[in-house]
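Below: one structure, written as structure tokens.
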Amino acid sequence: MNALVVEGVSKTFRYCPQLPGGGSLKSAVLAWLRGRRTPRVEVAALRDVSFSVEAGEALGVLGANGAGKSTLLRLVAGAYRPDAGEVRVAGRVGRLLELGAGFHPDLSGAENAEIAALVAGLSLPDYRALRDSILAFSELGDFWTAPLRTYSNGMLLRLGFAVATAIRPSLLVVDEVLAVGDAGFQAKCRERIAALRAEGVALLVASHGLHELEATCERVLWLEGGRVRALDRTPVVLAAYRESGP
Amino acid sequence: MAVGRLLRDYASRWALLRVLTRRELVARYRGTALGFGWSLFQPAFTLVVYALVFGVFVQVGVERYPAFLCAGLVPWTWFAQSTAMGTTSILGHAPFLKQGSMSPAIPPGVIALATAVNFFLTLPLVVGLIWLLGEPPGVSLAFLPVLIAIQGLLCWGLALCLGVLCVRYRDLAQLVQTLLPLAFVLTPVLYPAERVPASFAWVLAINPLAPLVEGYQRAFLGRGAPPLGVLIPLALGVGCVVVGAWLSERSRDRIAEEL
């Protein structure tokens, strides 16, 4: 069974180059008065990307900066809509896209975990049932009730990872963040990911860490300039990637 | 229809709305010594300043002026806070929206709820204070729920419209901050509507907030039913919710990349 199917997906970003934030009210009004639209620059971030991930499988995403890795992950997470093609996910998506995304520095780990779990789509009773396991996995101890601004990067990752994996996802999407954990926690993450995969959770992970990809992924998708350069078993793709490199 | 989708969004994510509202209320004063007291102390201090200027130094000539001022200032504060914070609400919740599991209609709802809760918490104190200032509570207070419902709808609708538009037109945040003080002096909060010269009466006539604030003044000060003009903010509120629902529906697909 497929946990994720991506079919012929293309994504183009448009932005107004002259102003930050995509344009001001004034320029929009002026352009409208002059009867023309503000000039837009188009960037094709992904072009005709297709692949699927089976339940329990781990697919790595490899590529240079700007190759489209993060765009692909956000499309799969449902934040972006494809211009063409289709993204189909069976079930809930666990997201680890940015470290501490949406966490409030003045609120405690407990409060932030509750908010993050509900944003991810969990119900309040479900969250309450999972709270102890989130606390236990995150190893935060007394910091659980301390404000988040007192946390180290590693602690933020532990909390985010604990929430993202506790919500019973059918697909876990991870963007680059695992590298900030220490060796001990990384080992624990791998263990938890292995356990989730044994239960049928699929994994989509973007990383520059070739060793990490080697250790966790069966297959790797290599993106170059928004297109699929290679999609094959990990050793094959990594060998080709190393050969092409400087 | 867009409004139906909006209401379904809210109904299906009611628990999320609640925790985000609590986050908004709790986080603002976390770590301060006065805590929630700040949300009482700030308007109270503003009240003292205006009462001093317009009740003592320059006399507007209203009996029991501090009570009159309080009746209009508190609902105005709710409106101003909700509109200013509503405009930046979607930008402020960007990290959540970029995860792709939340509708853009949620943050304006959060701000509308948080500011309304703030208003409700101050309400008993306002009634007590107005009593202390010489206007005992009466049956006119029964009109408050109507006024609060109209204002809630208006605040929510404006937050939706401005919140979505501000993602593309960032100038709106500054523009709203700049225009709110103008709207404040054009609304009869510091002075009674009757004191405005006839040649400027049209200003109040086209200001949808004027009848609303007048309604509050009548309700708090025992002067009976709100003016019929409150139907204008009601209609505006409904209109804003409809337009806001449409805007947020239309922006849903692209909002994460514009944040």
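Under the condition of being out of contact with any Ser or Thr (no Cβ under 9 Å at 6 or more places or on another chain) and either over 12 Å from A:Val173 (Cα atoms) or facing another protein chain (nearest Cβ under 9 Å) (or both), which residue from the stretch A:61-70 is surrounded by the fewest Cβ atoms within 10 Å (Cβ to Cβ)? The qualifying residue surrounded by the fewest Cβ atoms within 10 Å (Cβ to Cβ) is A:Asn65. Restricting A:Ala117, A:Ala77 to residues that are out of contact with any helix residue (DSSP H, G or I) (no Cβ under 6 Å at 6 or more places or on another chain), under 19 Å from B:Met102 (Cβ atoms) and within 13 Å of chain B (Cβ to nearest Cβ) narrows the list to A:Ala77.
Looking for whichever is of a type in the set (Gly, Ala, Ser), modelled with pLDDT under 95, outside any strand (DSSP E or B) and farther than 30 Å from A:Glu191 by Cβ here; the options are A:Ala67, A:Ala31, A:Ala44. Which one fits? From the options A:Ala67, A:Ala31, A:Ala44, the qualifying one is A:Ala31. Comparison of B:Pro188, B:Pro197, B:Pro226 shows that the only residue that is surrounded by 15 or more Cβ atoms within 10 Å (Cβ to Cβ) and farther than 13 Å from B:Trp76 by Cβ is B:Pro226. Being at pLDDT below 95 and exposed (fewer than 13 other Cβ atoms within 10 Å of the Cβ) is a property that does not hold for A:Leu73. Residues in the stretch A:81-103 that are more than 11 Å from chain B (Cβ to nearest Cβ) and in a loop (DSSP other than H, G, I, E, B) were compared, and the one that is surrounded by the most Cβ atoms within 10 Å (Cβ to Cβ) is A:Gly91.
Return yes when B:Phe54 is in contact with a helix residue (DSSP H, G or I) (Cβ under 8 Å, 6 or more places away or on another chain), crowded, with 18+ Cβ neighbours inside 10 Å, more than 14 Å from chain A (Cβ to nearest Cβ) and more than 24 Å from B:Pro145 (Cα to Cα) and no when it is not. For B:Phe54, the condition - in contact with a helix residue (DSSP H, G or I) (Cβ under 8 Å, 6 or more places away or on another chain), crowded, with 18+ Cβ neighbours inside 10 Å, more than 14 Å from chain A (Cβ to nearest Cβ) and more than 24 Å from B:Pro145 (Cα to Cα) - is met. The set of residues in the stretch A:58-73 that are on the phi < 0 side of the Ramachandran plot and in contact with a Leu (Cβ under 7 Å, 6 or more places away or on another chain) comprises A:Ala58, A:Leu59, A:Gly60, A:Val61, A:Leu62, A:Ala67, A:Lys69, A:Thr71, A:Leu72, A:Leu73.
The helices (runs of 4 or more DSSP H) located wholly in the stretch B:145-252 that include 3 or more residues which are within 14 Å of chain A (Cβ to nearest Cβ) occupy B:171-185, B:231-251.
Restricting attention to the stretch A:120-134, and to residues there that are among the hydrophobic types (A, V, I, L, M, F, W, C) and assigned to a helix (DSSP H, G or I), which single residue is nearest to the other protein chains (Cβ to nearest Cβ)? Going through the qualifying residues, I end up with A:Leu124.
If you go through the stretch A:127-144 and keep only what is in contact with a Lys or Arg (Cβ under 8 Å, 6 or more places away or on another chain) and surrounded by fewer than 18 Cβ atoms within 10 Å (Cβ to Cβ), you end up with just A:Glu139.
Every test in (1) more than 19 Å from A:Ala202 (Cα to Cα); (2) facing another protein chain (nearest Cβ under 10 Å); (3) touching a residue at least 24 places away in the same chain (Cβ under 8 Å) is passed by A:Phe137 save one, and that test is (2).
Okay, residues lined up against (1) of a type in the set (A, V, I, L, M); (2) within 17 Å of the chain's Cα centre (by Cα); (3) at positive phi:
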residue	(1), (2), (3)
B:Val60	yes, no, no
B:Cys70	no, yes, no
B:Pro75	no, yes, no
B:Pro104	no, no, no
B:Thr115	no, yes, no
B:Phe119	no, yes, no
B:Val127	yes, no, no
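Residues considered: B:Thr115, B:Thr88, B:Thr46. Of these, the only one that is of a type in the set (Ser, Thr, Tyr) and over 30 Å from A:Gly160 (Cβ atoms) is B:Thr46. All told, B:Glu257 falls short of being in contact (Cβ under 8 Å) with a residue 60 or more places away in the chain and within 14 Å of chain A (Cβ to nearest Cβ). Every residue in the stretch B:85-103 that is within 11 Å of another protein chain (Cβ to nearest Cβ) and closer than 13 Å to B:Glu257 by Cα, please. Listed by number, the residues that qualify are B:Leu91, B:Ala94, B:Pro95, B:Phe96, B:Leu97, B:Lys98, B:Gln99, B:Gly100.
The values are calculated or read from the model by the stated rules, or taken from the named source; none is laboratory data. Quick caveat: nothing in here was measured; it's all calculated off a predicted structure. Cβ coordinates were reconstructed from backbone atoms using ideal geometry, including for glycine residues, and neighbour counts include every protein chain displayed.
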